[in-house]
Amino acid sequence: MRCLIIDDEYLARVLISDYVSKLPYLKLVAICKNASEAMEILEKEPIDLMFLDIQMPQLTGMDFVKSLNNKPLTIFTTAYPEYAIDSYELDIIDYLLKPISFERFLLSVKKAQQQFKLIQKTEQKNYITIKSEHRLYKVLFQDILYIEGLKEYLSFYTKQGKRIITLESLKALEQKLPDNFTRIHRSYIVNRNEVKSLYG
């Protein structure tokens, strides 16, 4: 699982990164001091799991999670027990109280790993679920002609002549598509099964 650590405390960042390094199935992508830095990473990199502090300057961890349309699996790491009940309304994996022991950390990661495996099984289906304008669309992969990236938005073009716009990056979407989809340009992904001819 590709991980992101977000914490404004230096010692907390060091501890969590050390714990992550002990588990071969975790890959640390980046370490951030605040939500703004984390948002930049999420726009560029696919992240499966976040270790997220709650009390941070500018934007709290809870508000940060609420702001995400496609949030990764999340484990809160905090010194404040009073946020525990509210945090579970955000569908997080676990709530770790500092100081965090490796044993407790490992239990949380195992929960995340189980959830991640379930997500992977779901993504092996023959369709993708797209959220657009407060509605969810179930679109078969075979019905997608191509996908266009428009900064932070994506446009799906289907055989039925539909155009569905959603808030997501091409980078993140690539991880969800089957092998017959190829990125041919920084702004386009095509369904190779639907390519009829090539020019140039």
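Readers should treat all values here as calculations from the given coordinates under stated rules, not as data from a laboratory. Here the structure is a predicted model, which means the values were calculated and not measured. Here Cβ is always computed from backbone atoms with ideal geometry, including for glycine, and neighbour counts include all displayed protein chains.
Numbers for the structure displayed
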item	result
Residue 179/residue 133 FRET efficiency (R0 35 Å; Cβ-Cβ; nearest 0.05)	0.70
On Cα atoms only, tilt of 102-123 relative to the major axis of the chain in degrees	10
Most mobile listed residue (34, 70, 180) in the chain, GNM with C-alpha springs under 10 Å	180
Helix-derived mean residue ellipticity, 222 nm - over the chain, DSSP H n ≥ 4, -39500 (n - 2.57), to 500	-9000 deg cm²/dmol
Two-decimal ratio, the chain, of alpha-carbon radius of gyration to 2.2 N^0.38 Å	1.14
Among beta bridges that DSSP assigns inside the chain, antiparallel share in %, nearest 5	60
Pairwise centroid distance, computed over Cα atoms, of the range 4-50 with the range 136-150, Å	31
Residues of the range 54-75 with amide N under 20 Å of a point placed 7 Å along Cα→Cβ from residue 151	67-70
Most mobile of 137, 19, 95 in a GNM of the chain (Cα contacts under 10 Å)	137
On Cα atoms only, tilt of 35-44 relative to the major axis of the chain in degrees	30
Highest-MSF residue in the chain out of 174, 37, 103 [GNM, Cα springs under 10 Å]	103
With Cα atoms, 0 to 90° folded angle of helix 10-21 axis to the chain main axis	60
Contour excess over end-to-end distance, with Cα ends at residue 14 and residue 37 and 0.36 nm allotted per residue	6.6 nm
Potential lengthening between residue 142 and residue 159 on full extension [0.36 nm per residue; Cα-Cα distance subtracted]	5.3 nm
Entries in 71/111; 117/151; 22/171; 111/171 that, when Cα-Cα distance is taken, lie over 19 Å	117/151; 22/171; 111/171
Residues with amide H under 5 Å from that of residue 96, placed H, sequence gap 5 or more	76, 77, 78
